[in-house]
Amino acid sequence: MRAGGFRLTVEVPDRVSSALRRALRRRPAPEAPSGPLAPADRLVVRPVPPVPFRRRDPDEGIAFVRLRRQWRADHTREAPPDEVPDGAESLARQVAAHSWYHTLELPHGVVTDGAYDHRPLVPSYGIPADLGGQRVLDVASADGFWAFEFERRGAAVTALEIETTAQVDLPGPMRARAAELGLTEPITEGFALARRVLKSSVEPLFGTIYDLDPERLGMFDLVHTGDVLVHLRDPIAALEQLRRVTRGHALLSDVYDPALPSEAGEAARYLGGGNAAWWRPALGTLVQMVADAGFSDVEVVTTYSLAARGEDTTHWRAVLRATP
């Protein structure tokens, strides 16, 4: 470089020192130009490089439905569907006929072989010991672990769940492929069996979280949902509906990605709906989503990692308490 007739040679180090790097980070960002832009500066057009995308295989996206059907084919012969469990052996046969999401303690010492065992997590949720006189809604209740826990504490509980896998929030091509193959599997058979043998008064309700309506259902003192947002195409719309029926507070447990920066609340991984998984947000984003749905206050109660039975990998989840 020439300056005033002299040639200057500047040696640039291969690595920037940590001190210099910190100093550069502390430098204020350049201010935006004040005043109107010149006509030549109002539009900037850049060439766009090729942006790749992946054609998703619809058959891979509905693998969970196939597995559920295969399980039923392999196990339903072990117990007649009209058998009334009247003892440990009879109940064990009925339990073996279902694929269980939740680990449930049933009469006669029978415990379901659930994909997830939430029993050690219950103390971390901060649920009041006495829910007497309160109305509780358990959204996406699956086999009913949390619904039965709320009932055990004295609440009047409604358990919302879709009726079959045809109602899962899948992308269009995957939904069409499942319909083409006739892959429609029941969701609530395990819940119905557990409710019967526990002599439970939990009220079952078929529908989706998008269908929540205070004019039809009334308001609830506690609304609980677990692992729902990750499976929804439009989680904000779902949270808005959840907010509409919440009178006291909502208790939300869902997946987040600890590898994403959480302080800005702007990051999420898009999973595309394959196997009904759409989003994995950063923790800050998950909190912000709940706030943006209309809740006035949101706090993180706890975070946890819980692996499914037989799996080595796991996802992190956060439990949020939200006040309308």
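Bear in mind these aren't lab numbers, they're just calculated from the coordinates by the rules spelled out. Note that the coordinates shown come from a computational prediction; the quantities given were computed from them, not determined experimentally. Cβ: placed from backbone, ideal geometry, glycine included. Neighbour counts: every protein chain shown.
Things to note:
- Proportion of all alpha-carbon pairs of segment 230-324 beyond 22 Å (%): 26
- Between segment 228-256 and segment 149-168, the C-alpha centres lie 15 angstrom from each other.
- DSSP-defined beta bridges in segment 273-324 - what % are antiparallel, rounded to 5: 100
- Here the simple spin-label model places points 7 Å from the Cα toward Cβ, and for Asp221 and Glu266 these points are separated by 4.2 nm.
- Backbone geometry of segment 44-58 corresponds, through the Karplus equation with coefficients 6.51, -1.76 and 1.60 at θ = phi - 60°, to 3J(HN,Hα) couplings of 10, 10, 10, x, 9, x, x, 10, x, 9, 10, 6, 7, 7, x Hz, x marking Gly and Pro.
- Given their separation in residues at 0.36 nm each and the Cα-Cα distance between them, Thr314 and Ala88 gain 78.1 nm when the chain is fully extended.
- Candidates per trypsin sites (Lys or Arg not before Pro) in segment 174-211, loop by DSSP, up to 15 other Cβ within 10 Å: Lys199
- Each residue of segment 270-284 was assigned a 3J(HN,Hα) from its phi angle through the Karplus curve 6.51 cos²θ - 1.76 cosθ + 1.60 (θ = phi - 60°); the sequence is 8, 9, x, x, x, 6, 6, 10, 10, 9, 9, x, 5, 4, x Hz, with glycine and proline shown as x.
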